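Below is one structure, written out as C-alpha cells; the observations come after it.
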Amino acid sequence: MGVAVAVVDAETPGNVGTIARAMKNFGFDSLQLVDPPDLDPDGEAYGFAGHAREDVLPNHDVLTFDELVSEFYTVGFTAMTGRDEGRHVRYPFKTPAELADHLADVESDVALVFGREGTGLSNEEFARIDEVCSIPASPDYPVLNLGQAATVALYELRNLTLDEVHHPDRRDRADERALEGLYDQFQSFLGAIDRPDEKRAKAERMLRRVLGRAHPTGREVTTLRGLFRRAEMQIDRARDEEP
C-alpha cells in the first residue's frame, strides 16, 4: 500500500508548499494535485516547502478529480461532519488516530484528500470519496486552515510511512537487579528512620508502585540509592554524636 496526499483546487501556492513540508516531516512523498495554482520554483510554494523543495514538491503529479477517485482509495478530510446517518455524505467519520489502524489493512493505494482553504471539499466531491476523516477540535472554532489540518493529520498517520523517528530509543528502563537494589536500600533507610514495622510493608509497596509507573532509568535508580544511603549515614552520624 502506498499513501499519497492529494490537494484539490488549492487557492495559494504557499499552502501547497506547507503541505509538502509536512509530508517530508512525516515520511510521505507522493503529492497529488487537482487544479493546482502556478507553482513557480522561485515563488512561495518552494519558499514554504523547506527541504521538500528538493523532492516532494517538484515530483508532484497533476490529475483530475475523476482520476483521483478512480486510482486511489480516498479519504476526505472535513471540519464539518454529519451527526447521524440521516446526513450520510459526511458521516460516518473517523479521527486521524482511528484512521491509522484502519488504513494499515487497506491493500490498494490510498490518497488523503484535502480541499480548498475556504470551503474544503464539496458535498458532490464527498459523495465520491470512500471514507471521511475529521480532526477533533473546539466546538467553538473547529475549522483548521489547510496547512494545519494536513500537518496534524500526517503526524497522526506517520506510522504508515515511518519505521523510525529521530527521537532516541527510550526503552532505557533500569533492569530489575538495579531496582531490587534500590528497594533494599529503601528498606535499610526505613530502619534508619525507625519507621514502625507495621508500616514498612505499605511504604515499600507504595515505592514499588510509584517506580513501576515511572520506569526510572539506571542513572535515576543509582541517584536515588545514593540519596537514601547518604540520608541513612547522616542519621547514623547524628545518633553517634548524641550525648
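The values are calculated or read from the model by the stated rules, or taken from the named source; none is laboratory data. Keep in mind the model is a prediction, meaning the values are calculated, not measured. Neighbour counts run over all protein chains shown; Cβ positions are idealised from the backbone, glycine included. Please note that ligands, DNA and RNA were not included when accessible areas were found on the heavy atoms of the full protein model with its side chains. Shrake-Rupley method; radii C 1.70, N 1.55, O 1.52, S 1.80 Å.
For (1) at pLDDT below 90; (2) within 34 Å of the chain's Cα centre (by Cα); (3) closer than 30 Å to Val7 by Cβ, each residue gets a yes or a no:
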| position | (1), (2), (3) |
| --- | --- |
| Ser138 | yes, yes, yes |
| Leu146 | no, yes, yes |
| Leu162 | yes, yes, yes |
| Glu180 | no, no, no |
| Gln185 | no, no, no |
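In the range 209-228, what count of residues is obtained for those that are open to solvent by 100 Å² or more (accessible area, probe 1.4 Å) and either modelled with pLDDT under 90 or assigned to a loop (DSSP other than H, G, I, E, B) (or both)?
3
Applying the selection to the range 95-138, what residues are surrounded by 13 or more Cβ atoms within 10 Å (Cβ to Cβ), more than 22 Å from Asn15 (Cβ to Cβ) and charged (D, E, K, R)?
Asp109, Arg128, Asp130, Glu131
Being part of a helix (DSSP H, G or I) and among the aromatic types (Phe, Trp, Tyr) is the filter here, so list the residues in the range 26-64 that pass it.
Tyr46, Phe48
Name the residues in the range 54-89 that are touching a Phe, Trp or Tyr at 6+ places or on another chain (Cβ under 7 Å) and modelled with pLDDT of 95 or more, would you?
Correct list: Leu57 only.
Do you know which residues across the range 13-63 are in contact with an Asp or Glu (Cβ under 7 Å, 6 or more places away or on another chain) and among the polar types (S, T, N, Q)?
Asn15, Gln32, listed by residue number.
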